[in-house]
Structure formats: C-alpha cells, structure tokens
Amino acid sequence: MKPDVSAMAKFITYRTGFRGGTAVILGSGLGSFADQLADPVVLPYGDIPDYPRSTVAGHSGELVAGNLRGNPLIVAKGRFHFYEGYDYHTVTLPIRLFRELGVSNLIITNAAGSMKPETPPGNLMLIKGHMDCTFRHGVELPRRFTGHPYHNPGLLKLAKTAAGRAAVPLGEGIYCWVFGPAYETPAEISFFRELGGDAVGMSTVPEILSAAECGIPTLAISTLTNYAAGISDKPLTHEEVLETANRVKSSFIRLLTEIVVLINAGEDSQTGKRDLLKRDS
Ligand code: HPA
C-alpha cells in the first residue's frame, strides 16, 4: 500500500506547526545546518507514520522545523537512496510530502566526488545541470539537463549573489547521478568526464525530477568531499566524505543561511516570487 502523503503532512503540521516556506535536504555529514534553526521542533522519521527510515552513517533521519532569521524552514536530515533498497517512489516521497506541506522552494544538498583535478575536495559546487548515469532506462548515453524545470535559473542567480555576500567561494558544474553503493571505477569516471560531468554522487537527481513534477522551484548544491575514483591516488572512503563535510560546515552554513534569507527577501518584494519562477532569466 502506498503511504498516504496527505495524512503524513497533516501529522507533521500538527506536530511542528510548519505551514509552508523553504525546505532543505541535507546530504551526508551536512546535518549541522539544522542546529541553526530557532524554535526547532525535531521529528525523528520513526515517529512519522509510514515514513521510511534512513540507514546511512552521517544521515541522522529526522525532520526539523523552525525559523532561520525569521523565515519558516523545514529541514530533512537524512534522505533515502536506491542503494539502501528503496524504490523511486520512496526515494522521492519527501518531495511529494513537501508539496503537501506547502513548500514554496527547495534546496537540495549532497556530498559528491570531484571529477576535476583543478577542483579539490572542500569546494562547494552549484549544480547547474545533471546527468542520469544509472542506465536504469537502457544503454543510451546519459543526456545533460540544465535550466527549467529542473535547475531554477532565478535560484541559481540568487545563490551566486548569496555566495558573494557570505564570502564563500562557489563553483558550478554538472552532477552525475549513479546508483552506488560501490564508488565508481576510474574508467567510469573518465567516461562521465568525457560526457561533460564535473561531480558524481548517489542522490539528488530523483529529488530534482520529482520537484520538477511537483512544480517546486529547486536549487541543488554539492559539497565536493573527495576526488572521484582515479583522479587522485588516495583510496576513497566514506570517512573522508564525512571528514571533508565537517571541515567545510561553517562556510556551507553561511552560504545556505544567506540563500534562505535572500529567497524570503525576494518573496516579500513585489517581484521576487515571479523572478524565482521565471523560466529563462
Ligand atoms: N562517488 C559517488 N558518490 C559520492 C562520492 C563519489 O566519489 N563522494 C560522495 N558521494
């Protein structure tokens, strides 16, 4: 039986008082952003009827609702991946839940491997486009998707302004989605680079696709936590991913905070919301 998303949303609103605003999904090791929220209400996933469980180290598995500089926010600490055995419907359930909760824009974050030697671990990358490199639909070469409806041009522009204000260096690039759970081989990475990819990771793209279907303007950001396989000689480990995420956490928090503030400043103004939804700015 499919979970009743509308009943879940009612439960969450009842428990947290959240009635719309910005949603944030925090990737591996990036959960500390949620500590910035004022008046937080924490809901462990296990308390939400029929909600899936997060099983990965570095993902704590709770929703936190609260305020950031006066702006209502709901934060998902922990997400669901295919490699945990979840299907597409389950991996994207939080997004349909956000729509039901009245979420007006979504910020997705992740930890990813850098496929470019000139962009070392520790850098943040705005996802300006993505490629589905899972081959789940067959053997066709992965296509690159940029712009509307997946990568909101207004939010991308706003994130660059926020990065300037927060004095956080922010690159941009194409994110390649793989299933995992094993890290890639060097041959796979060189193939993804030839296709035009910049970073690789095991999440985010299903959430982007689902948010587009739900009509939620979305911004996605990668923390480059390691060099992808074959880019350096160092063996790749989940510990390195968590260590780097921890190292960049203060700039990551500053950047995200500034983005949330700017999004809400825009929505308060006469034109802000229209700007965010514009297709081709
Ligand atoms: N590959 C896939 N997923 C990842 C990586 C990587 O190198 N780093 C963090 N998530």
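Could you work out how much longer the chain between Glu118 and Phe179 gets when fully extended? Use 0.36 nm per residue separation minus the Cα distance between them, nm to one decimal.
Values: separation 61, 0.36 × 61 = 21.96 nm, distance 2.54 nm.
Going from the current span to full extension adds 19.4 nm.
Per the Cα gyration tensor, segment 57-106 maps to an equivalent ellipsoid with semi-axes of 23, 14, 6 Å, ordered largest to smallest.
What is the local net charge at Thr109, summed over the other residues whose Cβ is closer than 12 Å to its Cβ (Lys, Arg +1; Asp, Glu -1)? Here the count lands on +2. If exposed means no more than 15 neighbouring beta carbons inside 10 Å and the site is in a DSSP loop, what's the longest run of the chain without any exposed trypsin sites (Lys or Arg not before Pro)? The answer is 144-277. Here's the picture: charge each Lys and Arg Cβ at +1 and each Asp and Glu Cβ at -1 in segment 163-259, and of Val178, Phe191, Cys214 the one pushed furthest to the positive end of that dipole is Cys214.
Rounded to 0.05, the FRET efficiency of the Thr146 and Ala38 pair, given R0 = 30 Å and the Cβ-Cβ distance, is 0.25. The base-10 log of I(q)/I(0) for the chain, evaluated at q = 0.09, 0.11, 0.14 Å⁻¹, reads -0.38, -0.58, -0.97 [Debye formula, identical scatterers on Cα atoms, solvent excluded].
By definition, a body whose alpha carbon gyration tensor gives a ≥ b ≥ c is oblate when a/c is 1.5 or more and a/b is not larger than b/c, and segment 25-123 fits this oblate description. Residue-wise HN-Hα couplings along segment 8-23, as the Karplus relation 6.51 cos²θ - 1.76 cosθ + 1.60 with θ = phi - 60° gives them from phi, are 4, 4, 4, 4, 5, 4, 4, 6, 10, x, 5, 10, x, x, 8, 10 Hz; Gly and Pro carry x.
Each reported figure results from applying straightforward, stated rules to the coordinates on display, with no laboratory input. Bear in mind the structure is a predicted one, so any value in this text is a computation, not a measurement. A quick note on method: Cβ atoms are made from the backbone with ideal geometry, for glycine too, and the neighbour counts reach across all protein chains shown.
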